[in-house]
Structure formats: structure tokens, C-alpha cells
Amino acid sequence: MAQQLAERFKIPGVFSNTQEMLKAVSPDVVHITTPPQSHYTLARECLEAGKHVYLEKPFTVTAEEAESLIELAEHKQIKITAGHNLQFTLEMLEMRRLIKEDLLGGGPAHLESYFSYDLGDATYAKGLLQNQSHWVRKLPGGLLHNIISHGIAKLAEFLTDDITEITAIAGQSPRLKSLGDKQILDELRVLLRDKAGRTALFCFSTQLKGLNQLRLYGPEGSIVVDHLSGTVIPNKYRPCKSYLTYFVPPLRAAREHLTNARVNLTNFVRQRLHQDFGMKELTEQFYNSIRSGGLPPIPYREIILTARIMDEIFAQIHGGQEAQGSQNTTGIGQNETPLDIPLSVIGH
């Protein structure tokens, strides 16, 4: 397959061995887009060779592996980043601008991240459902493990490192149950709280079609980021008198939607509005940080926190799973001992 791709795009070098590639080509940056189980080994080889690394999501299989790679990168004084391209779309850049302008009236007090996934996608999901030895099934978190880091990373940007509570419940959608697959979990809900008292909700679903949003709520306003429509809807709290509260807020919301339509049209004409903008922006920021010696686009703290949260989610939803594997709804109970992970998880 690599040879066919090289012929198609006229790529001179094709290798099946990392060390051979590093010696023959000596690249400045290596992009690793293989299945997650190989991320740690391949990234470590490249880092030890002094190469900067762009590592696709999920960054690693475990938080321990993520910490090890980042520690090595810092020791070698080279850079590594995660392929969380949804963090760098036009709408996410606009969201950060609004937060910097203090639209929320301080940092967000509550966050909600929603991520929907279509199991009917013939290019990927059918292969997973029909192939019992698919590499996704071998991940500790299965299908969830390969996808949810996009949504979790959005929360990690605003949560502190000290997560005091995590409760995860998971199960199967009716459609997946009808297919008779008892292994894959495709519905996930997670509640989180950090030491600062900030709360967050994460929802992954194959039932909720067309939902890919980040919602932020602060003391004086809220922001809704919609990745599917490429829109950002800010809502500054401005109370209205009497019956005006039924008319003015809807008109304000309509104005925001019209503004988004105008901005998207302008970006489309300027060739800035395309599906790969986030990946392009992340790659450019990563390369610029290498050239300038500046900070990488995604703070290492956020990469590690994302991995730690995922570790705890999978420990909960799979740790107490019954032999039948039909559905699991587990959390850390008030009388249970927290799992030994560096997140200071306590009972809910």
C-alpha cells in the first residue's frame, strides 16, 4: 500500500522499517499516522533519533506512555504534538478570541463537549463491525478509545490538572444491539469536576446525528461552538425588561447566525473555509514552534490530562463489566476506593 501511494504521489522514498527511514532520509519532522498501538514505539524511536514528532490521535494508548514520550522530548529539547486538529478550526480560534475579550465574565464555570459518530459510514464503521480482529477492537477502550480524545481535549484545555471527580457510564445504542455485537460500546457519558470546582460533561453518541459542539458557560455569558456548521454563537447576558425578554434575545441570536453565515461565505471566497483548515493550522503552528523555538501549539499539560482522563474512563466502563458485556454503567462510588491514577479521583 505504501508503494502504491508513493507511485501515485511521486514520493521517492518508501520504507517498512523506521530505522532505515531515519538513516536514509533524516527528516526534520516525522508524522506518525499508524494505529495507536504502535504510536509509543515509533514515536520513541524518532525522538531518540532527534526528530520532532507529530503524533496522530489518540496520542498514546495510556497516560504513562504519553508522559514518557513528553519527558523524552523535553530531555532531547525537541518537540512533539498531538493530532487534535479540531482544536484549530476557524470556529475554535474565534472562540478563544471571545474568551480573551472576557465575554464569559471570567473563565468558564461549566463545559459541555458533544461528539457524534456515524456507524453507518461504509468507509470505516462497516469494516470495524464485520472484522472481529480489527485493530480498533484491540484498544483498551475499543471504538471510544480511537475517537473521544478529540472531545476530551477540548475540555482539558480549560480544566485544571487536579480532577477530583469522574463518573463515566457507557453502553450500546439500539442499532448496535440489533447487530448482535456485544463487544463494542458506542454510547458514552462522562461527568467531571476539577479542584477549582469547574464542572464538565462529555457526550459521545452514535444515535445523536449531526452533533459536534463545545459549549462554554461563564458568569456573564456563554459560547456555543458548532464544528459541523463552522459557527460560533456568543451570548452575553443582558437582561431585558418586561415582555422584551421574549423578543430581544431571539433577535440577537438571529443576528449572530447571520453574522456567522456572512463570515463563512467570506472565508469560503478567500479559500480559508475547508475541512482540513484545522489540520493545516495545527501543522503550521507546530512547524513554526520548531523554527522559532517557541512553545508547541498544544501544551503538554493538556495532552497528558487528556490521556489521564481517558485512562480513568476506560477503567470505569470496562473494569466492572459483566461477562455478558451487554452494558456497563459504572462509576466510583462513595464507599469505594479510588483507582490509583495520578488524577486524585474521589467518589462522586
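The values are calculated or read from the model by the stated rules, or taken from the named source; none is laboratory data. This is a predicted model, so every value here is computed, not measured. Cβ coordinates were reconstructed from backbone atoms using ideal geometry, including for glycine residues, and neighbour counts include every protein chain displayed. These accessible areas exclude ligands, DNA and RNA; they are computed on the full protein's heavy atoms, side chains included. Shrake-Rupley method; radii C 1.70, N 1.55, O 1.52, S 1.80 Å.
Tabulated data
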item: First in segment 293-307 and of a type in the set (D, E, K, R), second anywhere and modelled with pLDDT of 95 or more and not in a loop (DSSP other than H, G, I, E, B), Cβ under 7 Å, 6 or more apart; result: Glu302/Ala153; Glu302/Ala156
item: Subset of segment 60-88 [polar (S, T, N, Q) and surrounded by fewer than 21 Cβ atoms within 10 Å (Cβ to Cβ)]; result: Thr62, Ser68, Gln77, Asn85
item: Number of the exception - Leu244 against (1) at pLDDT 90 or above; (2) over 24 Å from Asn85 (Cα atoms); (3) open to solvent by less than 50 Å² (accessible area, probe 1.4 Å); result: (3)
item: Those strands (runs of 3 or more DSSP E) lying entirely in segment 144-233 with at least 3 residues open to solvent by 40 Å² or more (accessible area, probe 1.4 Å); result: 187-194
item: Cβ-Cβ under 7 Å pairs, at least 6 apart or on other chains, segment 159-180 side within 30 Å of Gly107 (Cα to Cα), far side acidic (Asp, Glu) and assigned to a loop (DSSP other than H, G, I, E, B); result: none
item: Residue match in segment 9-29 (condition: under 30 Å from the mean Cα position of the chain (by Cα) and farther than 30 Å from Glu71 by Cα); result: yes
item: Looking only at segment 297-327, and only at residues there that are over 21 Å from Thr62 (Cα atoms) and open to solvent by less than 50 Å² (accessible area, probe 1.4 Å), the one that is modelled with the lowest pLDDT; result: Gly325
item: Residues of segment 264-278 classified as within 12 Å of Gly230 (Cα to Cα) and open to solvent by less than 60 Å² (accessible area, probe 1.4 Å), total; result: 4
item: Any hit, segment 51-59, residues being closer than 23 Å to Leu216 by Cα, of a type in the set (Lys, Arg) and open to solvent by 30 Å² or more (accessible area, probe 1.4 Å); result: no
item: In segment 110-142, the residues that are open to solvent by 60 Å² or more (accessible area, probe 1.4 Å), among the hydrophobic types (A, V, I, L, M, F, W, C) and either in a helix (DSSP H, G or I) or at pLDDT 90 or above (or both); result: Trp135
item: Breaking point among (1) open to solvent by 30 Å² or more (accessible area, probe 1.4 Å); (2) assigned to a strand (DSSP E or B); (3) among the hydrophobic types (A, V, I, L, M, F, W, C), for Ala24; result: (2)
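Every residue, every condition in (1) touching a Gly at 6+ places or on another chain (Cβ under 8 Å); (2) aromatic (Phe, Trp, Tyr); (3) in contact (Cβ under 8 Å) with a residue 24 or more places away in the chain, yes or no:
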position: Met21; (1), (2), (3): yes, no, no
position: His31; (1), (2), (3): no, no, yes
position: Pro35; (1), (2), (3): no, no, yes
position: Ala43; (1), (2), (3): no, no, yes
position: Lys57; (1), (2), (3): yes, no, yes
position: Ala63; (1), (2), (3): no, no, yes
position: Ser68; (1), (2), (3): no, no, yes
